[in-house]
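A.B. asks: Below: one structure in structure tokens.
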Amino acid sequence: MNIVEKILSNHRISGELKPGQELAIRIDQTLTQDATGTMAYLQFESMGLERVKADLAVSYVDHNTIQVGFENADDHAYLRSVAQRYGVVFSRPGNGICHQLHLERFGKPGATLLGSDSHTPSGGGIGMIAIGAGGIDVAVAMGGGPFYLVAPTVRRVWLTGTLKPGVSAKDVALKVLSVYGTQGNVNCMIEYGGPGVATLSVPSRATITNMGAELGVTTSVFPSDATTRAFLKAQGREQDWTELVADADAAYDKVLELDLAQVEPMAACPHSPGNIATIASLAGKKVNQVMIGSCTNSSYRDLKTVALMLRGKKIHPEVEVGVAPGSRQVVEMLAKEGLLGDLVSAGVRILENACGFCIGNHMSPGTNAISLRTSNRNFEGRTGTQSAQVYLVSPETAAAAALTGCFTDARTVALAQAVTEPATFSIDDSMFLFRETAGKGVPGTEIVRGPNIGKVPAGESMAETWKGVAVIKVGDKITTDHIMPAGARLKYRSNIPQYSKYVFEHVDEKFYATASANRDAGLANVIIAGESYGQGSSREHAAMCPMYLGVKALIAKSAERIHLANLINFGIVPFIFANPADYDTIQKGDRLTIPDVRKAVAGAGKATVVNETQGTSFEVVTSLSERQKTILLHGGLLAAVAAGAVK
């Protein structure tokens with residue numbers, strides 16, 4: 001068996017571990033963050049349980065730590081009180097970024113982790129099957145329910161050799177992206193192996209599995225070996241280690257061989273993590289901003305590397321540089337070694353231990369600015385500046401650009417000595433609250449609900465026939481950022497009527513008004529889309545808010561895994577064009593009728609769509625399990641659970 005098969009087999013509840021089959025697995029640990037967690041806990045509350053039943057549930061506050069207005073502070077108060085009430089560990093604002101913290105303090109080889117954040121696969125760096133999902137799926141897992149997924153195909157990336165100085169794990173992730181791209185990898189998991197694995201630290205491995213989210217795979221995983229054991233020992237958690245390797249005769253769907261010594265510095269160019277170029281091909285291009293951090297590259301290893309490269313030097317006078325550490329542990333260790341002072345002396349702006357700049361919550365670039373970032377996504381407008389040109393690079397490349405003011409191969413500047421993992425990390429868990437009541441909770445705790453805390457919108461039972469309208473037509477690679485903007489808008493995440501006003505705001509500024517009018521007129525709103533609809537964040541609001549506005553169906557050429565699951569959970573049918581060319585026959589505003597839609601969903605998943613405006617018709621299909629059919633027929637997961645139709 002390979003590593004994926006071993007972990008999934010040990011956690012299988014029902015279904016077969018055969019690619020393409022629906023599989024239900026037990027979840028050991030869950031994590032939420034504040035941008036998705038408020039809704040996840042509101043959904044958990046609606047289940048009427050007394051406490052969480054997962055082995056461990058952690059609520060992190062790391063996204064919306066900028067408190068302009070009352071909304072974010074109120075949501076933090078809600079999260080803190082609900083965590084105490086139900087037995088969840090609460091990570092206070094300022095403690096750090098969820099994925100970095102979970103790797104440091106909670107991750108366990110061989111365990112399963114489900115998180116309401118698409119970069120939860122970071123946990124694969126320590127040997128977990130760690131999967132990102134919508135908040136409602138995480139709420140179910142917290143309550144002890146299974147997580148359903150499509151049993152994956154497994155690809156192996158076989159690593160040999162050793163990275164050269166100036167080349168790091170981010171470049172490996174970008175190299176893999178250059179091979180596999182950002183679409184066509186749905187329901188696949190990637191397993192790393194080979195002698196090159198031993199040359200990579202756990203934080204470096206986590207950088208690679210983190211970026212696996214951009215491939216669209218379900219998750220990525222590394223073996224648990226002597227390097228993993230040393231990392232856990234340094235974190236004071238050696239008892240959590242277990243060896244986990246693939247059997248010698250393990251089988252894989254595909255194998256990619258990658259010599260680490262041949263990897264060179266790379267960048268993801270605007271506006272996709274899959275738009276890969278070498279730094280050599282970009283050398284000399286002027287840079288306006290450099291941002292270092294995010295859950296991808298904010299570890300002790302990454303930031304010490306940057307600090308040593310900048311030691312005794314000054315950043316280029318025309319470049320703005322910011323550094324956001326991944327955790328308080330990282331900050332304390334940098335400070336004790338004088339490295340924080342090196343960054344400040346060089347002219348770096350030290351930012352909070354949070355996701356901030358990565359989600360466009362602050363540090364937006366100037367108009368038409370070129371920004372180099374060590375984060376994982378460079379979707380158009382994600383920074384908060386629509387015209388910005390964002391490139392994703394390694395910490396070494398970022399530091400080199402900070403010094404020179406342009407794209408520069410880090411190997412051509414003075415490189416610091418390679419950073420080795422410390423024998424002991426600085427450990428202070430005082431900002432993790434309620435550890436003593438984890439899994440137990442404190443009944444009677446008053447849950448704080450500010451005026452921004454709303455209710456989970458309820459779906460409606462599916463009608464027999466839909467008369468609707470193509471409310472919007474979009475192209476390929478539409479991300480959840482396109483659907484539900486992040487940044488400053490995220491403060492409305494707990495208030496669906498308010499947040500819904502911004503659906504597709506940067507794609508069609510009239511969408512809210514149009515969709516609302518159609519809904520109020522009794523028409524079903526239908527979204528028409530191209531390939532790979534729903535890339536990016538696990539943000540379930542990208543399904544929940546459209547549902548609130550009366551969206552009943554998506555008709556696309558293809559859709560991504562997490563978003564497709566979210567659509568089903570909120571009662572939106574994910575149809576796929578039987579003939580992709582039919583996409584070209586539809587115009588925004590066309591009147592569409594789907595006769596016998598309820599019968600189609602309950603049956604083989606084949607339906608005919610009549611385009612009344614164009615006088616044409618076309619076929620669509622949807623591949624659903626019996627459980628998913630039941631959810632859709634009831635109008636969503638919560639309605640189906642309330643009716644006792646699913647568990």
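A.B. asks: Relative contact order for region 3-262: what percent, with Cα pairs under 8 Å and sequence separation of 6 or more?
C.D. replies: Once divided by the residue count of region 3-262, the mean separation gives 23 percent.
A.B. asks: Given the pairs Lys477/Lys606; Lys552/Lys599; Lys6/Lys175; Lys108/Lys647; Lys286/Lys314; Lys477/Lys629, which span a C-alpha to C-alpha distance of over 21 angstrom in this model?
C.D. replies: Lys477/Lys606; Lys6/Lys175; Lys108/Lys647; Lys477/Lys629
A.B. asks: Right, another one. Among 467-475, 514-522, how do they line up from the highest to the lowest mean number of other beta-carbon atoms within 10 Å?
C.D. replies: Peptide ranking by packing, descending: 467-475, 514-522.
A.B. asks: Can you list the chymotrypsin sites (Phe, Trp or Tyr not before Pro) in region 1-96 that are in a DSSP coil and have 16 or fewer other beta carbons within 10 angstrom?
C.D. replies: Loop-located and lightly packed - Phe70.
A.B. asks: For region 24-95, calculate the relative contact order in percent as a whole number, restricting contacts to Cα pairs under 8 Å that are 6 or more residues apart.
C.D. replies: 38
A.B. asks: Let me see the P(r) profile for region 245-365: every Cα-Cα distance counted, bins of 10 Å, each bin given as a percent of all pairs.
C.D. replies: Once binned at 10 Å, the Cα pair distances of region 245-365 give 11, 33, 32, 16, 7, 1.
A.B. asks: What is the set of long-range amide H partners of Asp117 at a cut-off below 5 Å, with H atoms built 1.01 Å from backbone N?
C.D. replies: Ala133
A.B. asks: Let me ask something else. Any idea what the alpha-carbon Rg over 2.2 N^0.38 Å comes to for region 78-184?
C.D. replies: After normalising by residue count via 2.2 N^0.38 Å, the value is 1.29.
A.B. asks: For Arg12 and Arg449, calculate 0.36 nm times their separation in residues minus their Cα-Cα distance, and state this gained length in nm to one decimal.
C.D. replies: Between Arg12 and Arg449, full extension yields 153.6 nm more.
A.B. asks: Continuing with this model, one more query. Based on the mean of other beta carbon atoms within 10 Å per residue, what is the order of 573-581, 185-193, most packed first?
C.D. replies: Working: 573-581: 18.1, 185-193: 22.8.
Highest mean packing first, the order is 185-193, 573-581.
A.B. asks: Go from 0 up to the bin containing the longest alpha carbon distance in the chain, width 20 Å each, and give me the % of pairs per bin.
C.D. replies: Percent of pairs per bin, in order: 20, 55, 23, 1.
A.B. asks: Given a Förster radius of 45 Å and the C-beta distance between Lys647 and Thr367 as r, what FRET efficiency does 1/(1 + (r/R0)^6) yield to the nearest 0.05?
C.D. replies: The pair Lys647/Thr367 has a calculated efficiency of 0.30.
A.B. asks: From the convex hull of the Cα coordinates of region 3-262, what is the mean projected area in square nanometres?
C.D. replies: Numbers: hull surface 57.1 nm².
Mean shadow area of the hull around the Cα atoms is 14.3 nm².
A.B. asks: Using amide H atoms built 1.01 Å from N in the peptide plane, name the residues 5+ places from Asp259, or on other chains, whose amide H lies under 5 Å from its own.
C.D. replies: For Asp259, whose amide H was placed from the backbone, the distant partners under 5 Å are Thr160.
A.B. asks: Still on this structure, I have one more. Along its three principal axes, how long is region 371-530 when you only count alpha carbons? Whole Å, largest extent first please.
C.D. replies: 67, 49, 28
A.B. asks: Next up: Three principal axis extents, largest first, for the C-alpha atoms of region 138-185, in Å?
C.D. replies: The principal-axis extents, from largest down, are 47, 23, 19 Å.
A.B. asks: Determine one quarter of the surface area of the Cα convex hull of region 466-638, which equals its mean projected area, and express it in nm² to one decimal. It would help to have the intermediate numbers written out before the result.
C.D. replies: Numbers: hull surface 35.5 nm².
Mean shadow area of the hull around the Cα atoms is 8.9 nm².
A.B. asks: Going through region 13-102, which GluC sites (Glu not before Pro) have at most 14 other Cβ atoms within 10 Å and a DSSP loop state?
C.D. replies: Listed in order of number, the matching sites are Glu16, Glu50.
A.B. asks: Using square roots of five times the C-alpha gyration tensor eigenvalues, list the equivalent-ellipsoid semi-axes of region 599-647 in whole Å, biggest first.
C.D. replies: Gyration-tensor ellipsoid for region 599-647: 28, 12, 6 Å.
A.B. asks: Using mean Cβ contacts within 10 Å as the protection proxy, how do 409-417, 593-601 order, highest first?
C.D. replies: 593-601, 409-417
Taken together, the values in this text are just the output of simple stated rules run on the coordinates, not laboratory data. Nothing here was measured: the structure is a model prediction, and the numbers come from that model. Positions of Cβ are backbone-derived with ideal geometry, glycine not excepted, and every protein chain shown enters the neighbour counts.
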